[in-house]
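The values are calculated or read from the model by the stated rules, or taken from the named source; none is laboratory data. The model shown is predicted, which means the values in this text are computed figures rather than measured ones. Note that we place each Cβ from the backbone using ideal geometry, even for glycine, and neighbour counts take in every protein chain shown.
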């Protein structure tokens with residue numbers, strides 16, 4: 001079966017076999033989840049994924065008191081923008097809190113801005129947070145600690161293309177360079193064939 005597939009690609013070069021981008025992170029193009037959200041920014045404005053059409057979106061779920069995974073992921077995201085140079089202006093970083101009880105708007109705003117001024121923190125009610133996490137296949141749960149709690153959560157980031165389509169799942173271990181290379185492919189597709197296949 002593998003040989004047949006290879007022969008098909010060789011025999012039909014115009015069908016797009018050679019036009020698909022070769023991503024370094026996990027290609028999940030066409031996924032039936034993570035389509036959109038409806039959450040609030042720290043200023044009380046309702047934000048949706050569709051607001052960011054024309055930009056590549058890097059999306060991450062986490063919480064302000066996260067000791068390592070969240071700050072590392074956000075620092076990596078800002079490093080991706082720097083690696084992209086001028087194209088970094090066409091990338092939006094979004095941080096969705098899974099701890100809305102503690103991550104109130106002013107705290108979320110200050111935390112996001114500590115990485116870059118236009119990193120956007122979003123939140124919802126606890127019910128809305130659970131609903132959104134489920135829609136994006138993100139797991140999280142409170143874990144009691146001595147005098148309070150922490151939150152276990154999925155450490156995967158998502159990347160959307162400029163049309164708002166979910167394209168990549170980025171594991172925690174990925175490097176800023178590998179992500180920047182993938183984002184560059186989304187910002188500068190080599191042909192229109194790939195976009196047509198996804199419509």
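Of all residues in segment 142-155, those satisfying the criterion of being touching a residue at least 12 places away in the same chain (Cβ under 8 Å) and outside any loop (DSSP other than H, G, I, E, B) are 150, 151, 152, 153.
Note on segment 23-106: enclosed strands (runs of 3 or more DSSP E) holding 1 or more residues that are at pLDDT 95 or above, within 16 Å of residue 156 (Cβ to Cβ) and touching a helix residue (DSSP H, G or I) at 6+ places or on another chain (Cβ under 9 Å) are 56-62, 91-97.
In segment 40-65, the qualifying residues are those that are more than 28 Å from residue 184 (Cβ to Cβ), in contact (Cβ under 8 Å) with a residue 24 or more places away in the chain and touching a strand residue (DSSP E or B) at 6+ places or on another chain (Cβ under 8 Å), and the one that is surrounded by the fewest Cβ atoms within 10 Å (Cβ to Cβ) is 65.
Across segment 156-172, the qualifying residues are those that are part of a loop (DSSP other than H, G, I, E, B), within 28 Å of residue 67 (Cα to Cα) and modelled with pLDDT of 95 or more, and the one among them that is farthest from the chain's Cα centre (by Cα) is 171. Can you pull out the residues in segment 110-124 that are crowded, with 16+ Cβ neighbours inside 10 Å and either under 21 Å from residue 38 (Cα atoms) or under 15 Å from the mean Cα position of the chain (by Cα) (or both)? 111, 112, 119, 120, 121, 122, 123, 124 - these are the residues of segment 110-124 that are crowded, with 16+ Cβ neighbours inside 10 Å and either under 21 Å from residue 38 (Cα atoms) or under 15 Å from the mean Cα position of the chain (by Cα) (or both). Among the residues of segment 83-109, those identified as touching a residue at least 40 places away in the same chain (Cβ under 8 Å), more than 27 Å from residue 139 (Cβ to Cβ) and surrounded by fewer than 19 Cβ atoms within 10 Å (Cβ to Cβ) are 83, 87, 90, 106.
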